[in-house]
Structures are given as C-alpha cells and as structure tokens.
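A short write-up of the structure that comes next.
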Amino acid sequence: MNILFEPFQLPFMARALTQLVILGALAGTVGVLVLLRRLAFVTDTLTHTVFPGVVIGYILAGDDGIFWGALVAGAVTAALLTLFARRVSEDAALAMLLTTLFAVGVALVSRRSGYAADLTAFLFGRVLTVTEEQLVQTSVVTVLVVALLAVLRRPLMLRMFDPEGARAAGVRVGLLDLVLNAAIALVVVASVRAVGTVLVIALLIVPAAAARALSDRLAVIVPLACLIGAAGGWLGLAVSYEAAVSHGLRLASGGTVVLVLVAMYVLAFAAGILRRRLARSRVSRAVSGEVEPA
Amino acid sequence: MTEETTTGQVTLEQPGRTAALVLDRACVAYGDVPALEELDGVVHPGEAVALIGPNGAGKSTLIKAILGLVPVVRGRIEVLGTTPARARREVAYVPQADTLDPDFPVSVEQVVMMGRYRKIGWLRRPSAGDRAEVAAALERVGLAGRARDRFGTLSGGQRQRVLLARAIAARPRLLLLDEPFNGVDAVSQHALLEAMAALKEQGTAVVISTHDLAIAHLACEEVCLLNRHQYGFGPTESVLTPERLRAAYGGQALELRGDRVIVTRT
Amino acid sequence: MILTDMSWFDSTVHRAMTEAALVGALGGLVGVLVIVRRLPFFTMALTHATFPGVVIATLLGIDLYLGGGLFGLLIVLAIVAFSRARGQDLTAATGIALSGGFALGVVLVSAQDGFSKDLTHYTVGDILAVSTADLTSTLVVAVAVVIVLAALGKELLFSAFDPVGASAAGLPTLVLDFILLAVIEVTVVVTVPALGAILAVALLVGPAATARLLTDRLALLFPISAVIGVGCGLAGVWLSTRWDIAAGASIALFVGFVFGLAFLGSAVRGRLRSPAETTRHPVALEAVNDAGSS
C-alpha cells in the first residue's frame, strides 16, 4: 500500500493529488447529470470549444491567461449551446461547432514556433506542475458548482425526468439548461490545465457511468460517482509515479488517470450485470407467475 | 392444428386454402423473460383480426413474433403454411409512422419503393414495372399527388398511408399493422380502412394491433384479446364482451400481487 | 502503381492537394450516411479510437492502416456491447470508448521519445507529409467505398430509414449495419493521418451536413456533399501553404465556414423550423386541407 501514499510526500505530487481528487469528485457529480440527460456529445463539444480560449488566453497573458481565456470561451459556448439546442439539437451541428472552434485553436497554435510542445500541454495538461493558485481556483469553482446544483436539484430533477411537466409547473427550462451547460463548462475550465481539454470528457462521463452500472438509485449514484472520480485520480497518479520511478517508464499522468477510470468502469459494468442477475433470480423465485412489466 | 378457440367455437377448415396464420399454444419470450403465453387461433386468407389489449400487453411482441423477429419458445406459430422466418417474403409489416425519423431525406416514392426491394433483389435497380407498382400503391391510399414530396413533410396520418402503400407494393399475402390509427386524422383513417378492405377482398389476411375497440368493430371480423395471456380469440362480437374486457384490462388497473393475478383462461 | 511514375506527385503540395481532394470526396460521400443515421458522435469516437491502434502498430512495426482499422473495429464492438446494458445509453458508451481509446494512445505515446511531436501528428495530422503510398491507399479505399455505395445503396437506405421494417422485409440488417460501420471505419482510417483524430470529423460530417441544409433530395445529397468536401480540402491546403497554419485546421475552418453560410442561408429562407414545428404544423394544415377537398 506504500505506492498509494509514499509518492505524495513530495509537495508537487501532493498538489497534483489534491487537484485530481477535487476534480474527480466535482466531475463525478456533474457527470451524473450529463449521463442522465444524455449530454455526452454536448459535453465533448464544450471540452473542445474551450480550447481556442485556452490558446488565446495563453498568447495574451501566458500561463495565467489560460484559466481566464478558458472561462470566457466556456461561458460563450455554454450560452451558444443552450441557444443551439433550441434550434437544432442535431449531432451534426454540434460536430461542426466542435471541429470549427477547435480548428481555430489549432490554427492559432500552429503559427507559433514551439507548436508541438504547446499544443500537447493544452490538449493533455500538466498535472504535475499544478500551483497553489490553481488549487484555489479549482476549489472556488467546485464550491460554486456544488452549491448551484444543490440549490437547484429539485427543478433539475424535474426537468430531467419530464421536461413538459417541468414547463407546466412553471420551471424555466431554458435557464436550467443554461445552468447545467455552465456547470459543465466550469468543470472543463477547472480541469483544463491539469488534465487538458481532450481528457476532461473522461472525468465527466466515466465515473458517472460506472456508478450508474452499480446502482439504480440517484441518492447512491451521486456520492458513488464522486468517490469513483476521486479514487481514479488518486490511483492513476500513483500508477504513473510508480511506473516512472520504479520502472523508468514515463506514462502521461492525465492519460493514466483516464485508463484507470475506464478499468474501474469495466469492473463496475461486470459487477452490475452480476448484481442484476442475482436480483432477477431472487425476484423470479419470490413471485414466480407474476407478470413482469416490459 | 388447434381449431378450437377459447370462445368455444370451432372455426371450420376451408379446403384448398392454407391458413394465413396459425397460433398453436404459442409462447413468446424476450431472452428469459416470457412476454406472451399460450396463444391459440387461426386467421384465414381475406380475414382481418384485431389484436386488442392494454399498453404493454404484448401486441407489438406478437407482431414481431409473426415476423420471426422474436423467438417462439414453446408451441408453434405457422405463417402461410411455413415458419415465420421463411414466410417473411410474403408478409408485409407497417410500423407506426411516428417511430421513423421525420428528418430523413427520402421522398414518398422512395419509401414506397422500399416495399419492392425484396422482389428487386440485391445489386439491381428498380424497373419500370416496379415504378408502376409504386404509383398504383400510392393511388390506392389516395396520395398519388405527393410522390415526390419528402416523407417528413407529410402529416402523421399521411405518413401512415405511405407506409401502408409500401406494404401494398410488396403484394403480401399477410399484412401486419402496428397501431396504424394512433394519432391519425379522420380523412387518413378512412383512406387506411378503404385500402385495407380492398386488400382483404384480394385475399390478403390482415392483423392489426390496436387499443381502439371501435376500430376492431369497424375493420375486423375477428379479435384476439391479449394481456400477456390470451383472453379470447374469435368473432368480434363474442370476444369483446364486458366480462372478457374487464378480465383482460382489469389486471392492469388493479395492483398485481404475485399469485393473485386473475387468470381467466382454463 | 501509375501514381509513383508521375513526376507531378514529386511536389509535396501536389501530393497534399490530391490527398485533400480524395479524402474530401470520400468524407463527403460517406458523410451522407453518417448524417442520415445520426452517427456524428459515433464517428468522433471512431476517429479517437483508431489512435491507440496506430500507436500500437508503430510499436509492433505492422501496417499503420491495419493497426488503426483493427483497433477501431474492437472499439465498435465494445461500444455495442456496453450500450446494450440497461441504464447505459449509446452516447455514454461512445463517450467512454472515445476518451478511453484516446487516453490509451496518449499513454502509449508518452512512453516513447519525442512525445509532443508524435502526439501532435496524431491529433491534428499532417497532410503535407503524405507519401504516394498513402495516396494509393486513399484511392483504393475511395474506389472500394464508391463501389459498395453503388451496389448496396438501396438496402443501406432502407435499413437506415426503418430498421424494423427492413428486417421484417427480410433484409439482414445486422450485416448491413456492419457494412455501414466498416465503410465509415475505413474512411476514418485513411482520413485521420491527413487531418488528425479530432479534425477528421469535420470532413466526415461537415460537407454532408451542409448538403443536407441545401437539399432534401437523397440523390442530390451525395454529389453536393462530395463537391463541398473536395472544395474545402483544396482550399484548406492552399490556405495552409499561404499562411503557414496546420493544414488540418485550415480545412476544418473552411468546412465550418461553408456550413455556417448554409446554416445562415437556410435560416434566412425560413426553412430552419424547430423540430416541434415541422411535425405539428403541417399536421394541422393538412387536416384542414384534406377536410376541405373531400
């Protein structure tokens, strides 16, 4: 078990761990909404459209500009997507928004001299160089998003389950959708420097999907997704550190975290199948002859 | 062949004609979950039978089983004297229009032509004869003028008529319709009923799933009352009695409690 | 090969132009199927998932196209398997496969030297680096795809429009689905080296989505989409050499630009009604018309 604790004696590793655990928990929570609203593609679009903001922020103000550039781009695309969804909720339109804005970012980076290195940092992040200031930013974002979701949890649930009913009950559905898109954008913005724009999508989808495979109850799914997200960050970081120190194998830490998460999902998926099979045989034994709803 | 139905009547065998559909103690299941049990009945060419039952009764499942898309786990379903899968060539299926993507870029003509694909075969293009067949089918449902319009621009009832035209173009001996009258305007309903009557006259057997009792009285001489089990199969008047209906539908209104589900079949 | 003998192909720009025209036409044609089947997100996952395959193929020294293709196929199977489970929809399964596949590629690449450079190559591609052998592969794939589309067009159309109806009519929908996915897959495999994993989607979705805004007629969709694809490909390479920006990005920018124009154009013409209106509105009108005429 030493592998799990020893690396984090180092200050930079401790900061990286704190960052990933917070992000994992945050993304796990928001991810449940993404999963239940089937917004995976919208989320993927958001992660890519934040990218030009990252590039422009970096060009204008260096490393510190990244967060703010991402924030502006995130806010703009969250609003755009909310408007968009009303007109054309088409995958095609999302794909076009995604590739076009991403291309703007790539075009801007490709004119710089240190092209390849910069692009890599933007796309895949550098979790090991996380500063205390970034930690503060992430914490503020987390508190903000969690508070927002906690306050709005009832209308969000209603809108998720029955949009027409929500509208009839006087819930402002458009505003709620904007809030959710903004929450997703904030998670992307907070994660951008640590795990990069491309891999955030994993933090947002995989823990929630794993939790969903294990339980049918929302009250269980949300904390479980949090836990899986945080554990994935921890384990992934430990694995990449161990590989580098003991085996001389450099594994990108962001990518390793995602692979650990996917492995956890596969385990949860298998466990979910097993659980349902057990439950079904119990039910059918208890009430054999009863008609099961389709 | 089981000719005795639950109504106690005996359907006489018509010599020289194969039954279009025979259900013989048929049980249908999705995976290990049984969907329909113990179905019995016969439909002859030129007859129409309505599948009546509440939502989730298994009407669509039975249609899929007749198409051979859902397996029969016990008993037997015989279509046109052979297995469902083998008979498929002469069976046409009309899905609910609103299950199809209204944005799909196909014209009305192209949709109806799909009914001919089976006869055209792989790798070949439609002939002039196929086109004439398509035009005639559209004429039958009263939509000859809309051939070049995009499918999605039509009203719900008109889309349903186009799908019936597609089935007509296939020249089936057995026609299966899944809730064809859902959300259909009066004009389209009339057109659908007329086209179906014409098909019946030519000897096509028709199976319609519906939860609309009036339609059953209007379009069908026989009814199969379903809710997971069969609650009756036979002439419309004798099956759609208050007692049988209460039996078939009541179970759903009441709460199901294990063994206390009322089963009227003996 | 005829191609290798021609001196015209000695020029990098000429090769890039040819490749851009070929993948443009191919992406345009196959894109029509992607659009009508609503598979843009799935295609996105495929482009990401071929990435680890290519890396593994490089490590093992086998053919890159083969490696990418085989791995992509594996991912398709995984997506289909996971999306079958209850509570897990196709979007979530696609998102997981997308991020997991990409992370695997990143981790594998990061274990090598020249991390940034290689990674850039995979993510944004390099059309100026195509060899005549690459050109030949693209040409072969393009010819094969055109033959398949011409031969099985009507069956693919039927099973795309009405899957249950098609299997009821005796068409082997599973086989047809697989053929469709294989066609998309080979297209992705030859497009990704030129445009990169993320921007390849632009060519596979954009031209067809644009064509879809311009016409409702299926017969016109294919040629219009192919022409747009070729045009954007050529214009992108031209812009890239003029302004020294990444070719993948400039191609994607052109695709986005053309789509934007078509989008605005159709909005102006008032053809862009919300889905609710297109279904509800005509019904009401038709009912009145029908009643009046009978």
Review point. Would a scan of the stretch C:78-92 turn up a residue that is open to solvent by 30 Å² or more (accessible area, probe 1.4 Å), modelled with pLDDT under 85 and more than 13 Å from every other protein chain (Cβ to nearest Cβ)?
Key: yes
Check your understanding: In the stretch B:223-239, which residues are more than 14 Å from chain A (Cβ to nearest Cβ) and open to solvent by 20 Å² or more (accessible area, probe 1.4 Å)?
Key -> B:Pro235, B:Glu237, B:Ser238
Study note, to complete from the structure: When the stretch C:117-133 is checked residue by residue, the ones that are over 20 Å from C:Leu46 (Cα atoms) and either at pLDDT 75 or above or outside any helix (DSSP H, G or I) (or both) are C:Leu128, C:Ala129, C:Val130, C:Ser131, C:Thr132, C:Ala133
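Return the only residue of B:Val94, B:Val70 being closer than 24 Å to B:Phe181 by Cβ and either among the polar types (S, T, N, Q) or crowded, with 23+ Cβ neighbours inside 10 Å (or both). Don't jump to the end; show me each part of the working.
Working: B:Val70 fails: either among the polar types (S, T, N, Q) or crowded, with 23+ Cβ neighbours inside 10 Å (or both).
Just a single option satisfies the conditions, and that option is B:Val94.
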Exercise for review: Could you please tell me which pairs satisfy a Cβ distance under 8 Å, a separation of 6+ or placement on different chains, a first residue in the stretch B:60-75 that is in contact (Cβ under 8 Å) with a residue 12 or more places away in the chain, and a second residue that is open to solvent by 50 Å² or more (accessible area, probe 1.4 Å) and among the hydroxyl-bearing types (Ser, Thr, Tyr)?
Suggested key: B:Thr61/B:Tyr30; B:Gly68/B:Thr83; B:Val70/B:Tyr30
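Name the residues in the stretch B:108-135 that are among the aliphatic types (A, V, I, L, M) and surrounded by fewer than 22 Cβ atoms within 10 Å (Cβ to Cβ), would you?
Within the stretch B:108-135, B:Ile120, B:Leu123, B:Ala128, B:Ala132, B:Ala135 qualify.
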Review point. How about the stretch A:103-118: which of its residues are in a helix (DSSP H, G or I) and modelled with pLDDT under 75?
Key: A:Tyr115, A:Ala116, A:Ala117, A:Asp118
Practice item. Looking for whichever is under 17 Å from A:Val145 (Cα atoms) and within 14 Å of chain C (Cβ to nearest Cβ) here; the options are A:Ala27, A:Ala70. Which one fits? Key: A:Ala27
Check your understanding: Within the group A:Val220, A:Val257, A:Val266, which residue is among the β-branched types (Val, Ile, Thr) and open to solvent by less than 20 Å² (accessible area, probe 1.4 Å)?
Key -> A:Val257
Review point. Would a scan of the stretch A:157-164 turn up a residue that is more than 14 Å from every other protein chain (Cβ to nearest Cβ) and closer than 19 Å to A:Ala79 by Cα?
Key: yes
**Study point:** Filter result for C:Leu174 (under 30 Å from B:Val106 (Cβ atoms) and surrounded by fewer than 16 Cβ atoms within 10 Å (Cβ to Cβ))
**Key:** yes
Review point. Within the stretch B:73-94, restricting attention to residues that are part of a strand (DSSP E or B), over 11 Å from C:Ala168 (Cβ atoms) and in contact with a helix residue (DSSP H, G or I) (Cβ under 6 Å, 6 or more places away or on another chain), which residue is nearest to the other protein chains (Cβ to nearest Cβ)?
Key: B:Val79
Exercise for review: Please list, ordered by first then second residue, the pairs with beta carbon atoms under 6 Å, 6 or more apart or interchain, first in the stretch C:27-56 and within 8 Å of chain A (Cβ to nearest Cβ), second outside any helix (DSSP H, G or I) and buried (at least 24 other Cβ atoms within 10 Å of the Cβ).
Suggested key: none
Study note, to complete from the structure: By residue number, the members of the stretch B:172-192 that are touching a residue at least 40 places away in the same chain (Cβ under 8 Å) and touching a strand residue (DSSP E or B) at 6+ places or on another chain (Cβ under 9 Å) are B:Pro172, B:Arg173, B:Leu174, B:Leu175, B:Leu176, B:Leu177, B:Asp178, B:Glu179, B:Pro180, B:Asn182, B:Leu192
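Within the bounds of the stretch A:108-128, is there any residue that is more than 14 Å from every other protein chain (Cβ to nearest Cβ) and either open to solvent by less than 50 Å² (accessible area, probe 1.4 Å) or under 28 Å from A:Leu10 (Cβ atoms) (or both)?
Scanning the stretch A:108-128 turns up no residue that is more than 14 Å from every other protein chain (Cβ to nearest Cβ) and either open to solvent by less than 50 Å² (accessible area, probe 1.4 Å) or under 28 Å from A:Leu10 (Cβ atoms) (or both).
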Review point. What is the one condition in (1) at pLDDT 80 or above; (2) closer than 22 Å to B:Val28 by Cβ that B:Ser238 does not satisfy?
Key: (2)
**Study point:** Single condition B:Arg131 does not satisfy, out of (1) farther than 18 Å from C:Asp162 by Cα; (2) free of Cβ contacts under 8 Å to residues at least 40 places away in the same chain; (3) at the interface with chain C (Cβ under 10 Å from one of its Cβ atoms)
**Key:** (3)
Check your understanding: Looking at the stretch B:136-162, which of its residues are surrounded by fewer than 16 Cβ atoms within 10 Å (Cβ to Cβ) and more than 10 Å from every other protein chain (Cβ to nearest Cβ)?
Key -> B:Ala136, B:Glu139, B:Ala144, B:Gly145
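Results for (1) facing chain C (nearest Cβ under 8 Å); (2) assigned to a helix (DSSP H, G or I); (3) out of contact with any helix residue (DSSP H, G or I) (no Cβ under 6 Å at 6 or more places or on another chain), shown as yes or no for each residue.
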{"position": "A:Asp44", "(1), (2), (3)": "yes, yes, no"}
{"position": "A:Val54", "(1), (2), (3)": "no, yes, no"}
{"position": "A:Gly57", "(1), (2), (3)": "no, yes, no"}
{"position": "A:Ile66", "(1), (2), (3)": "no, yes, no"}
{"position": "A:Leu83", "(1), (2), (3)": "no, yes, yes"}
{"position": "A:Leu94", "(1), (2), (3)": "yes, yes, no"}
{"position": "A:Thr99", "(1), (2), (3)": "yes, yes, no"}
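Residue by residue, here is whether (1) surrounded by fewer than 21 Cβ atoms within 10 Å (Cβ to Cβ); (2) part of a loop (DSSP other than H, G, I, E, B) holds:
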{"residue": "C:Phe158", "(1), (2)": "no, no"}
{"residue": "C:Gly170", "(1), (2)": "yes, yes"}
{"residue": "C:Val192", "(1), (2)": "no, no"}
{"residue": "C:Ala197", "(1), (2)": "no, yes"}
Review point. Within the stretch B:97-107, can you find the residues that are over 18 Å from C:Lys154 (Cβ atoms) and open to solvent by 20 Å² or more (accessible area, probe 1.4 Å)?
Key: B:Asp98, B:Thr99, B:Pro102, B:Asp103
Study note, to complete from the structure: Here the residues within the stretch A:22-77 that are open to solvent by less than 10 Å² (accessible area, probe 1.4 Å), within 14 Å of A:Leu203 (Cα to Cα) and hydroxyl-bearing (Ser, Thr, Tyr) are A:Thr43, A:Thr47
Point to revise | Members of the stretch B:36-58 found to be open to solvent by 10 Å² or more (accessible area, probe 1.4 Å) and either more than 10 Å from every other protein chain (Cβ to nearest Cβ) or part of a strand (DSSP E or B) (or both), listed by number | key: B:Glu37, B:Glu38, B:Asp40, B:Pro45, B:Gly46, B:Glu47
**Study point:** Pairs where the first residue, in the stretch A:148-164, is open to solvent by 50 Å² or more (accessible area, probe 1.4 Å) and the second is small (Gly, Ala, Ser), C-beta under 7 Å, 6+ apart
**Key:** A:Leu148/A:Ala183; A:Leu158/A:Gly165; A:Leu158/A:Ala166; A:Leu158/A:Ala169
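The values are calculated or read from the model by the stated rules, or taken from the named source; none is laboratory data. Predicted model, so just to flag it, every value in this text is computed and none were measured. Because the Cβ atoms are built from the backbone with ideal geometry, glycine has one as well, and the counts that use them run over all protein chains shown. These area figures cover heavy atoms from the full protein model, side chains too; ligands, DNA and RNA do not enter into them. Shrake-Rupley method; radii C 1.70, N 1.55, O 1.52, S 1.80 Å.
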